[in-house]
Amino acid sequence: MAFRLKLVPEHTTINFFRWQAGTFGLSVLMVLVSIVLIVTMGLNFGIDFKGGTTIRTETTSAIDVAAYRAAVSPLNLGDITITEVFDPTFAADEHVAMIRIQAQSDAESATPEMVAAVEAAVQAVDPEVIFTSVESVGPKVSGELIQTALFAVLAANAAILFYIWLRFEWQYAVGAVAALVHDVVVTVGIFAALQLKFDLSIIAALLTILGYSINDTVVVFDRLRENLVKYKVMPLRDVMNISVNETLSRTVMTSGTTLVALITLLVLGGDVIRGFVFAMTWGVVVGTYSSVFVAKNVVLYLGVNREPKKPAPDPETEGFDAVP
């Protein structure tokens with residue numbers, strides 16, 4: 001006998017509108033608080049957005065990222081990121097790491113003296129290490145990255161708005177984009193509140209969250225559109241409740257399995273990807289919440305046209321009386 005894992009029963013009758021005012025009010029409050037935190041506290045931008053210097057290292061021995069970080073931390077150069085580079089084309093004894101130093105307040109990039117101090121500290125840990133390149137990113141380039149990242153998020157939202165508008169109706173499009181804006185703003189607000197490092201990897205996480213959240217929302221909207229045809233006289237609120245209940249098992253299973261993988265990475269993945277995985281984990285939670293409690297509420301407030309579309313007139317008979 002086959003065994004099927006069920007996180008929720010197949011048939012549920014949960015009234016998702018029972019606390020409609022509370023859940024929607026909570027969503028609005030979270031967005032407003034997030035905006036205030038972003039404006040007042042600001043974001044803890046990483047090197048990608050602040051500018052800085054990148055030093056590429058190579059060694060024949062295994063790289064100990066923690067030892068590298070402990071060696072350069074006493075230099076008090078601000079935000080320093082150390083990552084090991086993995087490439088299948090590298091030889092067995094070829095180990096590469098990237099050391100990124102944030103731009104100093106009084107200079108476009110790290111001075112030669114700073115670079116020499118970092119190199120000396122790393123060589124004290126691994127005498128065999130060599131430094132193959134030193135590259136700098138100035139504030140102008142990092143400013144352009146901020147503009148490009150913002151444009152990418154806005155363009156993704158605009159494209160999703162257009163897609164949902166074509167596939168459904170404009171009310172669905174507004175509800176879907178409202179949920180996406182909610183997800184992005186609240187996620188960025190969490191990073192502002194906790195002052196977690198915000199770099200290009202977080203932008204990638206935000207774009208991934210948009211795709212995940214809209215996928216869940218479209219599933220609910222698809223079922224809602226089918227049920228509107230099936231239950232022609234039932235109130236819209238009740239049809240929405242039925243639609244969310246019918247897709248609840250799929251939603252919980254998808255979100256649950258995704259969270260299992262993300263939480264594993266969050267615990268065991270290390271410092272390099274922790275910010276990205278945290279953004280993804282929070283995004284899955286808030287994205288699932290917005291699909292159930294934000295998108296459909298907006299559609300309910302706006303209403304949908306439940307009248308069937310009239311067929312186009314036949315140009316061959318238009319304007320002529322029917323022949324008896």
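The values are calculated or read from the model by the stated rules, or taken from the named source; none is laboratory data. All values reported here derive from a predicted model rather than from experimental measurement. Protein only, heavy atoms only, side chains kept; ligands, DNA and RNA dropped before computing areas. Shrake-Rupley method; radii C 1.70, N 1.55, O 1.52, S 1.80 Å.
A few notes on this one:
- Largest mean-square fluctuation among ASP126, ASP87, ASP222, in a Gaussian network model of the chain whose springs join Cα atoms under 10 Å apart, belongs to ASP87.
- Carbon + sulfur, % of accessible area of the chain - ligands and nucleic acids excluded, 1.4 Å: 65 percent
- The stretch 243-303: C-alpha gyration tensor shape, a/c 1.5 cut-off, then a/b vs b/c: oblate
- Rounded to the nearest 10 degrees, the inclination of helix 170-194 to the longest alpha-carbon principal axis of the chain is 30 degrees.
- Relative to the dominant Cα principal axis of the chain, helix 139-167 is inclined by about 20°.
- Residue-averaged 222 nm ellipticity for the chain, from DSSP H runs of 4+ at -39500 (n - 2.57), nearest 500: -20500 deg cm²/dmol
- Among the lysines of the chain, pairs at least eight places apart or on separate chains and with Cα atoms under 22 Å apart come to 9.
- To the nearest ten degrees, helix 20-41 and the longest principal axis of the Cα atoms of the chain are 30 degrees apart.
- Largest GNM mean-square fluctuation across GLY189, GLY275, GLY303, computed for the chain with C-alpha springs under 10 Å, falls on GLY303.
- The heavy atoms of MET98 offer some 40 square angstrom of accessible surface to a 1.4 angstrom probe.
- Gyration tensor verdict on the stretch 27-132 (Cα atoms; rounded if a/c is under 1.5, prolate if a/b is larger than b/c, oblate otherwise): prolate
- When the chain is treated as a Gaussian network with alpha carbon springs shorter than 10 Å, the biggest mean-square fluctuation among LYS296, LYS232, LYS50 belongs to LYS232.
- Cut-off under 5 Å, modelled amide H: who pairs with GLY46 long-range: PHE198, ASP199
- Values of log10 I(q)/I(0), in the order q = 0.14 Å⁻¹, for the chain under a Debye, Cα-only, solvent-free model: -1.10
- Contour excess over end-to-end distance, with Cα ends at VAL39 and GLU84 and 0.36 nm allotted per residue: 12.8 nm
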